[in-house]
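Quick notes on the structure that follows.
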Amino acid sequence: MNSVWISALGIEFLTFGSVVALAQQGTAREVIAHVEGTVFLDGQRLEPSATRLPVKEDASVRTENGRVEILLAAGDTVFLGENGSMRFSGNRGFNSSRFEILSGSAVITTSELGSAVVCEEEVQLSDSGVFRFDVHRVADERFCRVRVYRGAAAAQMPSFVWVLTNGKMADLNRRCGDDTQRNDFNIEDIDGLDRWSRQLAASDARHH
C-alpha cells in the first residue's frame, strides 16, 4: 500500500508513494473504547458498557442515535457521530489503519502515524493532527467535506495532491476530480461532535 508521510508542519508539496508499508494480517489492532446510545459493530448492537472490544479487519461500524470512540493503530482515534457509518479495510499498512467513512460525520485525531481515510477520495493524515470528515449531499451528489483543525492532510486528486493545512478544507467528490477547490474555514467553528471528541480525548489523556 502506497501512502504519504506528512509531518505535522504541513509541507505544501508532497506526492503519494513516498512510503511503502508491509501489510500486517490477522490481528485486531482497532478497539471500541466508548459507546453512547445506539451503535452497531458488524450488525450487532453494542451495549453502552462495551469497551476494549476488538474490531476485526473489514469490520463495519454504524451509529443511529448514538456515538462511538474507536482506538486505532499507533494511537489514532475516530469519534463517529450520530447516524454515521464506516468500514475498515484489510488492505492497511504496518502499524497504521485504513478505513472508509460511508455516511455521517467523524472527528479523527492522530498520534505518531496518521491513518489513511477514504471519503470519496483517499486522504492521508499527518501525525499529531485533528481532522473532521462530513459526508453530505448537494443536488443528489455525494460529497465529503474534509477540514483540518491541526496538522496536515493530503487528498489524492486524479492528477495531483491537495495538501490541506490548519484552517483549510475541501469538498471531495469523485466526479469533480481535479476541479475540487481548497478553501479556508474558521477553526473556532465547532459543534457538539467536536466538543464531545475533545472532552473524551482530554479524559483519555488524563488516564494515560
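How would you rank 111-121, 40-50, highest first, on the average number of other Cβ atoms within 10 Å across their residues?
Top of the packing list down: 111-121, 40-50.
Among Ile187, Ile70, rank each residue by its count of other Cβ atoms within 10 Å, from fewest to most, as a rough exposure measure.
If I rank by nearby Cβ atoms, fewest first, I get Ile187, Ile70.
A short reminder: the numbers here are calculations on the coordinates, not readings from a lab. In this text the structure is predicted, and so the values were computed from the model without any measurement. Glycine also receives a Cβ, built like all others from the backbone with ideal geometry; neighbour counts cover every protein chain displayed.
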